[in-house]
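Here the structure comes first, spelled out in structure tokens, and everything after it is commentary.
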Amino acid sequence: MSIDRRKFLKLAGLTGIGLGLSAPTVFMKSTADASKSAAHAGSGATNQMAMVIDVKKLKKDDDYQRIINACHDIHNVPTLIAEKNDPKNEVKWIWTDVYDHTFPDQTNDYHPAAVKEKKFPLLCNHCQHPPCVRVCPTKATFKREDNGIVSQDPHRCIGCRFCMAACPYGARSFNWVDPRKYIIPSKMDPTFPTRTIGVVEKCTFCVERLARGLEPACVEASNGAMAFGNLGDPDSKVRKILSTHYTIRRKPALGTMPSVFYIIGGDEIAG
């Protein structure tokens, strides 16, 4: 057992786990703290990378799969687990779901059928007030000060899964099995590190590509359906899109302030 793990177990014995707090309790406290923080912190950070997804431009299953593959292939995500129909052990950085599951607090009986049946690409929301960061005992998950991206350091991760309990979006996966055995050899990218059993992983907004002046892989593969930029820059691509389109975010009432926005339908807002 590593020193980090000993420290964590001691800490847990004196705090949440030792008091018998459940995962929902951890989640409720962290999201309540995030909501309180959002109420006092204003609308955004000086530098906060964000994404806008125009689902109207995603028309076929191939459009979604191209985006997913672009991400999973370059990040050595063990996609063979999903292909073996093993949902418990599945690891995913981007996936899809229907409207009711994506926006459970923004649904009603009168939405058009096209909206209800539409698939939505889902990923880590890189929240401005991330509850996952608040609960991580080793700072394996942390918010970068330079761009607001919520990063994950697998070397610090001790597998407690507090971040998974705190995340209200299901954006994190745990490696229950050795992920290296489930990477398609022909698609393995030697330039990106693989993970090990017992750690959490998730979307990183492609920080390694941003460092080289590139856009996230999913954005590049989306044929214009996804845009990326600095939410704090009024001249950025995402800010220009947000100023002319009506968008929604996932579970806004929680106060986490997601940095992923969705354009569902309608024309540009006049004026």
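Tabulated results
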quantity: Loop sites in the range 118-221: GluC sites (Glu not before Pro), DSSP, at most 12 other Cβ within 10 Å; calculated: Glu145
quantity: Note, ³J(HN,Hα) from phi for the range 123-137, Karplus 6.51, -1.76, 1.60, rounded to Hz, x at Gly and Pro; calculated: 6, 4, 8, 6, 4, 6, 10, x, x, 4, 5, 5, 9, 6, x
quantity: Net charge, Lys84 excluded, C-beta distance under 13 Å - Lys, Arg +1, Asp, Glu -1; calculated: -1
quantity: Calculated SAXS-style log₁₀ I(q)/I(0) at q = 0.19 Å⁻¹ - the range 44-120, Debye, Cα scatterers; calculated: -1.01
quantity: Cleavage-rule hits, trypsin sites (Lys or Arg not before Pro), the range 65-100, DSSP coil, Cβ neighbours within 10 Å at most 15; calculated: Lys84
quantity: Low-density loop cleavage sites - chymotrypsin sites (Phe, Trp or Tyr not before Pro) in the range 73-148, where at most 16 other Cβ are within 10 Å (DSSP); calculated: Tyr110
quantity: Percent breakdown of C-alpha pair distances by 10 Å bin, ordered from the shortest bin, for the range 154-242; calculated: 13, 33, 35, 17, 2
quantity: Å² per residue, accessible surface of the range 153-271 at 1.4 Å; calculated: 48 Å²
quantity: Derived scalar couplings ³J(HN,Hα) [the range 167-180; Karplus, 6.51 cos²θ - 1.76 cosθ + 1.60; whole Hz; x for Gly, Pro]; calculated: 6, x, 10, x, 8, 10, 10, 10, 7, 6, 10, 5, x, 5
quantity: Distant-in-sequence amide H partners of Gln128 (H built 1.01 Å from N, under 5 Å); calculated: Ser259
quantity: Lysine pairs within the range 128-235, Cα separation less than 20 Å, 8 or more sequence positions apart or different chains; calculated: 4
quantity: Charge-dipole axis of the range 59-210 as Lys and Arg at +1 and Asp and Glu at -1 on Cβ define it, positive-most pick from Trp95, Val133, His75; calculated: Val133
quantity: Cα-centred dipole magnitude for the range 120-271, charges only on beta-carbon of K, R (+1) and D, E (-1), debye, nearest 20; calculated: 580 debye
quantity: Euclidean distance of C-alpha centroids, the range 181-228 and the range 81-160, integer Å; calculated: 15 Å
quantity: Projected-area average for the range 100-146 over all orientations - Cα convex hull basis, square nanometres; calculated: 4.9 nm²
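The values are calculated or read from the model by the stated rules, or taken from the named source; none is laboratory data. Just so you know, these numbers come straight off a predicted model, no measurement behind them. Here the Cβ is made from the backbone with ideal geometry for all residues, glycine too, and neighbour counts use every protein chain on show. These accessible areas exclude ligands, DNA and RNA; they are computed on the full protein's heavy atoms, side chains included. Shrake-Rupley method; radii C 1.70, N 1.55, O 1.52, S 1.80 Å.
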